[in-house]
Amino acid sequence: QVQLVESGGGLVQAGGSLRLACVAPRRTFSSYAMGWFRQAPGKEREFVGCITGGDTYYALSVKGRFAISRDNAKNTVYLQMNSLKPGDTAVYYCAATLFAGLHTTAQNYAYWGRGTQVTVSS
């Protein structure tokens with residue numbers, strides 16, 4: 001079982017930045033492909049971005065504003081969010097999968113965190 005714990009959410013004004021972190025206290029963390037998803041009230045969970053090895057892939061809605069990185073020594077993956085907009089308001093979840101490659105579909109991820117709230121005010 002992989003337990004993921006997100007942190008770093010909060011309230012920020014439009015145009016501001018936040019960095020989310022997701023810790024997976026497991027020795028084989030580097031073997032997992034990691035993803036970030038978000039869910040706004042009344043909406044379905046949507047893909048934000050993912051990372052495997054040194055490769056990343058982003059949803060068009062966040063490309064150029066968000067960046068994912070990972071520190072395998074700390075078992076941590078980060079989501080740096082810049083130029084935030086009110087439309088980015090959501091609960092953000094990190095997810096992990098042992099499937100190789102970049103995955104944009106939630107069903108491909110076996111392990112999930114409980115999420116962290118990001119609220120962007122206008």
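The values are calculated or read from the model by the stated rules, or taken from the named source; none is laboratory data. Please read all numbers here as calculations on a predicted model, not as lab measurements. Positions of Cβ are backbone-derived with ideal geometry, glycine not excepted, and every protein chain shown enters the neighbour counts. The area values use the complete protein model at the heavy-atom level, side chains included, leaving out ligands, DNA and RNA. Shrake-Rupley method; radii C 1.70, N 1.55, O 1.52, S 1.80 Å.
Quick check: residue separation of Leu98 and Lys74 times 0.36 nm, minus the Cα distance between them. What number comes out in nm? Display every interim value, and only then the final one.
Values: separation 24, 0.36 × 24 = 8.64 nm, distance 1.83 nm.
Once the chain is fully extended between Leu98 and Lys74, it gains 6.8 nm.
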Per the rule of 0.36 nm per residue minus the C-alpha distance, extending Gln3 to Thr28 adds in nm 7.8 nm
Quick calc, the chain, dipole around Cα centre from Cβ unit charges on Lys, Arg (+) and Asp, Glu (-), nearest 20 debye, gives 120
Expected unfolding gain across Asn82-Arg45 under the 0.36 nm per residue rule, minus the alpha-carbon gap, is 11.3 nm
Counting only protein heavy atoms and rolling a 1.4 Å probe, one gets per residue an accessible area for the chain in Å² of 53
Ranking Arg70, Arg38 from most to least accessible area with a 1.4 Å probe gives Arg70, Arg38
In region 1-91 the accessible area split gives carbon plus sulfur, as whole percent at 1.4 Å, a share of 47
Mean separation of Cα contacts under 8 Å (at least 6 apart) over the residue count of the chain, i.e. the relative contact order in percent, is 37
